[in-house]
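**Student:** Dumping the structure here so I can ask a few things about it.
The values are calculated or read from the model by the stated rules, or taken from the named source; none is laboratory data. All values derive from a computational prediction rather than experimental measurement. Cβ placement follows ideal geometry from the backbone for every residue including glycine, while neighbour counts extend to all protein chains displayed. These accessible areas exclude ligands, DNA and RNA; they are computed on the full protein's heavy atoms, side chains included. Shrake-Rupley method; radii C 1.70, N 1.55, O 1.52, S 1.80 Å.
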Amino acid sequence: MAIQRTFSIIKPDATKRNLTGKIIAKFEEAGLRIVASKRIQLTLAQAQAFYGVHKDRPFFDELCEFMISEPIVVQVLEGEDAIAKNREVMGATNPEEAAEGTIRKEFALSIGENSVHGSDAPETAAEEIAFFFSGLELVG
Ligand code: UDP
């Protein structure tokens, strides 16, 4: 498998509980390198645009309100098979279904407040990275 880049968000429930470092440690232990990182607070319009694919889902409004409730940390992670590896380290969307040792198993509060976002495919990774970062901010 080739070296890939993926996009990650440390979500408001995690930044609020001061878990940023513990989550980053999980990425690094899995062999993912952080090639870009910044702490930001989304506007409602930005959250709605980012999660546009979910706009017709029942949880959309609640999800967007949650995502703007506190600052988040957005990152680009790089490594061998980075998209799948990050999804593995994150664990299942619902923490009750997440495997032992995963970020969501250890830290997530609920299916909505589940501590991390990670791209699910190469196309979405490229789109999500470009949504938050300019080329100049990616330092491999
Ligand atoms: N989500 C939610 N309720 C649900 C399903 C998803 O609040 O029933 C939220 C949750 O924060 C999740 C995000 O919407 O991480 C995106 O959902 P997706 O199915 O893409 O899960 P992910 O790729 O984040 O595991």
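**Student:** Report, in deg cm²/dmol and to the nearest 500, the calculated mean residue ellipticity at 222 nm for the chain, where each DSSP H run with n ≥ 4 adds -39500 (n - 2.57) and the sum is divided by the residue count.
**Tutor:** So the calculated ellipticity at 222 nm is -10500 deg cm²/dmol.
**Student:** Compute, for the chain, the length of the dipole vector about the Cα centre, with Cβ point charges of +1 (Lys, Arg) and -1 (Asp, Glu) only. Units Debye, rounded to 20.
**Tutor:** Result for the chain is approximately 380 debye, rounded to the nearest 20.
**Student:** Something else now. Work out the length of the dipole vector of the range 74-140 about its Cα centre, built from +1 on the beta-carbon of each Lys and Arg and -1 on the beta-carbon of each Asp and Glu, and round it to the nearest 20 debye.
**Tutor:** Using only the charged Cβ atoms, the result is roughly 120 debye.
**Student:** Work out how much length K38 to K22 would gain on full extension: take 0.36 nm times their residue separation and subtract the Cα-Cα distance, in nm to one decimal.
**Tutor:** Result: 4.1 nm gained on full extension.
**Student:** What is the gain in length, in nm to one decimal, between F60 and E97 on full extension, counting 0.36 nm per residue of separation less the C-alpha to C-alpha distance?
**Tutor:** This chain segment gains 11.2 nm when fully extended.
**Student:** Can you give the net charge of the other residues whose Cβ lies under 12 Å from the Cβ of G112, counting K and R as +1 and D and E as -1?
**Tutor:** In short, -2.
**Student:** Listed highest first by mean packing, meaning other Cβ atoms within 10 Å per residue, what order do 23-30, 86-93, 75-82 come in?
**Tutor:** So the order, starting with the most tightly packed, is 75-82, 86-93, 23-30.
**Student:** With all protein chains present, how much of the accessible area of the chain (probe radius 1.4 Å) comes from carbon and sulfur, to the nearest whole percent?
**Tutor:** 51 percent
**Student:** Could you report the chain's accessible area per residue, 1.4 Å probe, as an integer in Å²?
**Tutor:** Result: 53 Å² of accessible area for each residue.
**Student:** Still on this structure, please answer the following. With contacts defined as alpha carbon pairs under 8 Å and 6 or more residues apart, what's the relative contact order of the range 1-133 in percent?
**Tutor:** Reported as a whole number, the value is 39 percent.
**Student:** Mind jotting down the distance between the C-alpha centroids of the range 75-140 and the range 46-64, whole Å?
**Tutor:** Using only Cα atoms, the two centres lie 17 Å from each other.
**Student:** Still on this model: Can you quote the Å³ per residue value for the convex hull of the Cα atoms in the chain, rounded to an integer?
**Tutor:** 104 Å³
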